[in-house]
Amino acid sequence: MTAQLNARGDVAVLVPAAGAGLRLGPGGPKALRLLAGEPLLVHAVRRVAAAPSVRLIIVAAPAADVEAVRALLAPVAPVTVVAGGAERQHSVAAALAAVPEDVGVELVHDAARALTPPELVESVAAAVRGGCAAVIPVLPVVDTIKEVGSAGAEGPSGPAEVVLGTVDRAVLRSVQTPQGFRRDVLAAAHAAGLAAHTDDAGMVEKAGIPVTCVPGSDLAMKITRPLDLVIAEALLHVA
Ligand code: CTP
Ligand code: MG
């Protein structure tokens, strides 16, 4: 059944979905790869559409697949589909250009985080609505993290690496999406055309604007490598 979005909601969700999915291996753009018989993008959009304050969803699709993505998503939710760009940042910018001026809260959400619960979309949006300029969902880091450098010598699998130091894990966080922004804040960050960043909050942070953390969700894991698809399939029972 096609989801209804909330015409009185104050949130636009931009969904960059134009990546190639190289780390997932051969098989076409990642957002269109299947998880339990449905494309990742369908899983992602269905959950975003279920968040009560979402007024519109803008998907940046691979340029060659814009029409196919429109047809794919039409039965899922009313979405706007635009052509994405060569880098994630360009795809976000293309989606951003399609947001009407009266939307106050903008969320940027990876299609690759296909199982992200609607509750996380709402909690990020609520924090922006509550006065935060920029909001990211985060999880504690579970592994020990070390800084390494080249040893200069050849090891069994290429140049050997040696440990330079151990980073204090207690102050580190893994960052997820959706990331939320006051409209003017995201617009200014993109207009500044800052150097490549893997997330939008990175651009805002470089501009000196405070970025607030809210608790993330294990279900918002990013599907990146083949193992992640196996994990996501298992998680479908709880997502
Ligand atoms: N993305 C995008 N446009 C790009 C690159 C990435 O819209 N030019 C999107 C992806 O579709 C994904 C999200 O940004 O939903 C996060 O990117 P990532 O997980 O790196 O996906 P891919 O770039 O597709 O994967 P890979 O880096 O393995 O090629
Ligand atoms: Mg990528």
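The values are calculated or read from the model by the stated rules, or taken from the named source; none is laboratory data. Since the structure is predicted, the reported quantities are computational estimates derived from the model, not experimental observations. A quick note on method: Cβ atoms are made from the backbone with ideal geometry, for glycine too, and the neighbour counts reach across all protein chains shown. Surface accessibility is based on the protein's heavy atoms, side chains included, excluding ligands, DNA and RNA. Shrake-Rupley method; radii C 1.70, N 1.55, O 1.52, S 1.80 Å.
The residues neighbouring His90, those whose beta-carbon lies less than 15 Å from its own, together hold a net charge of -3 under the Lys/Arg +1, Asp/Glu -1 convention.
At a 1.4 Å probe radius, carbon and sulfur cover how many percent of the accessible area of the chain? That share works out to 59 percent. The ratio of the alpha-carbon radius of gyration of the chain to the globular-protein estimate 2.2 N^0.38 Å is 1.04. Rolled with a 1.4 Å probe across the full set of protein chains, the surface gives Arg129 an accessible area near 110 Å². For segment 1-89, the mean projected area of the C-alpha convex hull, equal to one quarter of the hull surface, is 5.9 nm².
Karplus-derived 3J(HN,Hα) values for segment 32-46, using 6.51 cos²θ - 1.76 cosθ + 1.60 with θ = phi - 60°, are 9, 6, 8, 10, 6, x, 10, x, 3, 4, 5, 4, 5, 5, 4 Hz; glycine and proline are entered as x. Only the Cβ atoms of Lys and Arg (+1) and of Asp and Glu (-1) were treated as charged; on that basis the dipole of the chain about its Cα centre amounts to roughly 300 debye.
Taking a straight line from the alpha carbon of Lys206, these lysines sit under 26 Å away, with near neighbours fewer than eight places off in the same chain left out: Lys146, Lys222. Remark: segment 162-168, residue by residue, has Karplus-estimated 3J(HN,Hα) of 10, 6, 9, x, 10, 7, 6 Hz, where x stands for each Gly or Pro and the curve is 6.51 cos²θ - 1.76 cosθ + 1.60 at θ = phi - 60°. Pick from Leu35, Leu164, Leu219: which is most flexible by mean-square fluctuation in a GNM of the chain where alpha carbon atoms under 10 Å apart are linked? Judging by the Gaussian network model, the answer is Leu164. The H on the amide N of Val54, modeled in the peptide plane, is under 5 Å from the matching H of Asn6, each at least 5 residues off or on a different chain.
The phi torsions of segment 94-110, fed into the Karplus equation with coefficients 6.51, -1.76 and 1.60 and a -60° offset, translate into couplings of 5, 5, 4, 5, 9, 7, x, 5, 8, 8, x, 10, 10, 10, 10, 9, 5 Hz, rounded to whole numbers, with Gly and Pro shown as x. In the full protein context, the chain carries 49 Å² of accessible surface per residue, based on a 1.4 Å probe and ignoring ligands, DNA and RNA. Its relative contact order, with pairs defined as Cα atoms under 8 Å and 6+ residues apart, puts segment 133-202 at 40 percent.
For the set Val171, Val45, Val148, Val82, the ranking by accessible area, highest first and with no ligand, DNA or RNA atoms included, is Val171, Val148, Val82, Val45 under a 1.4 Å probe.
When you restrict to C-alpha pairs under 8 Å that are six or more residues apart and normalise by the size of segment 67-161, the relative contact order lands at 11 percent. Summarising the amide proton neighbourhood of Val214: residues at separation of 5 or more, or on other chains, whose placed amide H is nearer than 5 Å comprise Ile136, Val138.
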